[in-house]
Amino acid sequence: MTLFRQLAFVFIGSLTLMTLSLITVYMADQREFIADQQEQQLKESLASLAIALKPLLTADDRFALDTLLSEYLANEELQGITLTHPNSSVIWQRSSISVHQNAPDWFSSLPLFSQPQHSVLIQSQWQPLARLELLGSTAQASDRLWTNILELLVTSLIITLLTCALLSVWLHYLMKPLKVICSQSEAIANYRHLPLIEVNASTIEFARLQRAFQIVGKHFNKLFDEQAEEAKRLQQRIYTDPLSGVGNRLLLQAQMERWIKDGSSGLLCLLSVPSLAIILDRRSETDYRNASQQLQQTLSLLVANPSLLSLVRLSNTEFALLITEVIEDELESLSHRIQQSLDQITPTPLEIAPARAQMVGLYSETPHEPSEMLALLDGMLIDASKSGDGQPLVQRHNQLGIARGRHQWFEMVETAIAQECISFRQQPALTLDGTLLHYELFSAIELPGEYCSASKFLPALEAMGKTAMFDRYVLTRAFERLSKPRSQPLAINISPYSLTDMGFIRWLKRTLNQQQPLGKKLLLEIPESAFFQQREEAMLACELITTAGFQFGIDGFGRHIYDINYLTELPAPAYVKLDHLYSQRLDDAQQQDLLVSLCRTARNLKLQIIATRIENSEQLRRFNELYVNGIQGFVSHSWEEAHQL
């Protein structure tokens, strides 16, 4: 229970007890007052009636006596009148029925009032004529007391409600700094980035606490920023060329390995830019670095997702360019735009480059043999340079499958969905002791004589903005699997382009709310690239998923290590899956340092870390030393090997 509620309950309870006490005291005081008043009225009625009866008794006028007593009984608060002769014989006796006009029966039945009874002897010249006895009624007293109590209750209720409203406003004002402190303490407990919010403290104690939390928050944020900056520096040291500021050969090697592992289509180019040699020789290294980075920025504008592009310096005039998830329909226009970007680099308006810039490329939908591809590109660049026409040259590399354009891929996916030709396979993610975390669901199209994994056709769907159709189908099938008895948790990859489709987001929100009982079994994986290319949409999707009672994970974690502060702006993910680049070349000391820094940052944020593309026991041993929480890959199919570790 919150402090606000506790204080509110204490104040409201105290106010209620005080009000009840006042009502009790008031009721007792009113009861005594009404009883005394009734006694006084009964005595006055007795005296006035005795005076009125004396002449009637002397004249022995029975008719007038009966009329007088009947009217008195009907009009006064009396329950009975008895007139007796001195010899005890009854002259006149009658009683009335008490009628309650206001008080309920249960209240009137309470023994609040004793029934008053008084008598007087009527005399004439010291001779007794008769004895008059009046019996008072408690009904009228109960009605009056009930009316007074109701008026008091209504007044007390109004005052109590107004007091509670004022009390609530005052407590909200008083607790406002405490709410800020609580949000900061929760961020510290969850290892999230602290919001440094300045609020005027309402008390001296809150002011001291706020100052203390401001200091702690600044140090905490500084520590996290330093860890993120350390990871960024390590990546730059490993994969950045110091002269040009773009990628180095290690980055090319790593990105080509990733490209081949993913099996997606892509374009590998060699770029010859002689103008850069003149800039380096005649100006300075700073100008060369600026020109190289300007080239990288210009090329990044040519693709929808800059994270799919890698520019690497091979020599002072030669660069390698790798763009993954390229559709064959885009090759011609993309190659000409790359060539135009190269032609824009000139030493100065007055200087002429010794030769024109040249671009050659190999396009492949099934990349393999990186050394062979680079050798072919080198030969193509020599031949193209001899011609000197400055036209881009792009060829297809040994194609192992059927070449299709984006519209053909889209029609193929539509047909596969309509004919239920989408197949699924599961890959387990395990802890290092072999406990199952979840299964990741992979999809593919199976046609007679042809098998197409998602990495083949998804780039075409993403280029057309049509991934929502496929993701919706996969999620529907996943819910069908999870609805079966004894089903295991499933992780489903969501394309970042689906997150920009408002129709898909509305469908996802409605479906998740309908499937809330499966919230512990379904995990939605969002690629890290989405938090850079579709940041707002990805953030909104994460909030939508957690609000519906489901969990999400981040796939490809560490691919964009130059900025991991986005983690502090998200609801806490269930896990992060390391990019499979970190599962290769584990003997490289520099990459090992980068991996250690990345895992330390994730652990400091209390995030569960899962290593991917684990294929042998040596990789298992290395990641065990890094204290990752789980592994996934071909080796995870063998529970025995994980147990042996």
Just to be sure before I move on: is Asp61 free of Cβ contacts under 8 Å to residues at least 40 places away in the same chain and within 60 Å of the chain's Cα centre (by Cα) in the structure I sent? no
So which of Glu369, Glu420, Glu351 is modelled with pLDDT of 85 or more and out of contact with any Leu (no Cβ under 8 Å at 6 or more places or on another chain)? Glu420
So Arg506 ticks every box in (1) buried (at least 17 other Cβ atoms within 10 Å of the Cβ); (2) over 20 Å from Ile422 (Cβ atoms) but one. Which box is left unticked? (1)
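For (1) open to solvent by less than 50 Å² (accessible area, probe 1.4 Å); (2) within 30 Å of Arg621 (Cα to Cα); (3) of a type outside the set (A, V, I, L, M), each residue gets a yes or a no:
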position: Ser423; (1), (2), (3): yes, no, yes
position: Thr431; (1), (2), (3): yes, yes, yes
position: Ser455; (1), (2), (3): yes, yes, yes
position: Ala468; (1), (2), (3): yes, no, no
position: Arg481; (1), (2), (3): no, no, yes
position: Arg486; (1), (2), (3): no, no, yes
position: Ser495; (1), (2), (3): yes, no, yes
position: Gln514; (1), (2), (3): no, no, yes
position: Leu524; (1), (2), (3): yes, yes, no
Quick one: would you say Ser292 is within 23 Å of Met464 (Cα to Cα) and touching a residue at least 12 places away in the same chain (Cβ under 8 Å)? no
Quick one: how many residues across region 286-315 are outside any helix (DSSP H, G or I), in contact with a Leu (Cβ under 9 Å, 6 or more places away or on another chain), modelled with pLDDT under 90 and open to solvent by 40 Å² or more (accessible area, probe 1.4 Å)? 0
Residues satisfying the stated conditions in region 552-583, i.e. part of a loop (DSSP other than H, G, I, E, B) and under 21 Å from the mean Cα position of the chain (by Cα): Ile564, Leu570, Pro571, Ala572, Pro573, Ala574
Being open to solvent by 20 Å² or more (accessible area, probe 1.4 Å) and within 20 Å of Leu518 (Cα to Cα) narrows Leu540, Leu544 down to just Leu544
Inspect region 296-307 for any residue being more than 30 Å from Leu458 (Cα to Cα) and touching a helix residue (DSSP H, G or I) at 6+ places or on another chain (Cβ under 9 Å) and give the result as yes or no. no
With closer than 17 Å to Phe113 by Cβ and either open to solvent by 30 Å² or more (accessible area, probe 1.4 Å) or not in a helix (DSSP H, G or I) (or both) as the only criterion, which of Ala47, Ala28 stands out? Ala28
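I'm checking my understanding of the structure. Among residues of region 240-253 that are touching a Ser or Thr at 6+ places or on another chain (Cβ under 9 Å) and assigned to a helix (DSSP H, G or I), which one is modelled with the highest pLDDT?
The selected residue is Leu252.
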Which of (1) within 29 Å of Thr84 (Cβ to Cβ); (2) touching a Lys or Arg at 6+ places or on another chain (Cβ under 7 Å) is the odd one out, the single condition Leu145 does not satisfy? (1)
On the given criteria, is Leu134 part of a helix (DSSP H, G or I) and at pLDDT 75 or above? no
Mind checking which residues of region 68-90 are open to solvent by 50 Å² or more (accessible area, probe 1.4 Å) and assigned to a helix (DSSP H, G or I)? Glu71, Ala74, Asn75
Within region 477-517, can you find the residues that are closer than 13 Å to His438 by Cβ and part of a helix (DSSP H, G or I)? Ala478, Arg481, Leu482
Looking at region 263-274, can you tell me whether even one residue there is of a type in the set (A, V, I, L, M, F, W, C), modelled with pLDDT under 90 and more than 26 Å from Gly465 (Cβ to Cβ)? yes
Leu586 vs. criteria on the phi < 0 side of the Ramachandran plot, surrounded by fewer than 18 Cβ atoms within 10 Å (Cβ to Cβ) and in a loop (DSSP other than H, G, I, E, B): yes
So, in region 433-453, exactly how many residues are open to solvent by less than 30 Å² (accessible area, probe 1.4 Å), more than 15 Å from Leu522 (Cα to Cα) and assigned to a strand (DSSP E or B)? 4
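The values are calculated or read from the model by the stated rules, or taken from the named source; none is laboratory data. Nothing here was measured: the structure is a model prediction, and the numbers come from that model. Using ideal geometry, Cβ is built from the backbone for each residue, glycine included, and neighbour counts are taken over all protein chains shown. Side chains are part of the model used for accessible areas, which takes the heavy atoms of the whole protein and leaves out ligands, DNA and RNA. Shrake-Rupley method; radii C 1.70, N 1.55, O 1.52, S 1.80 Å.
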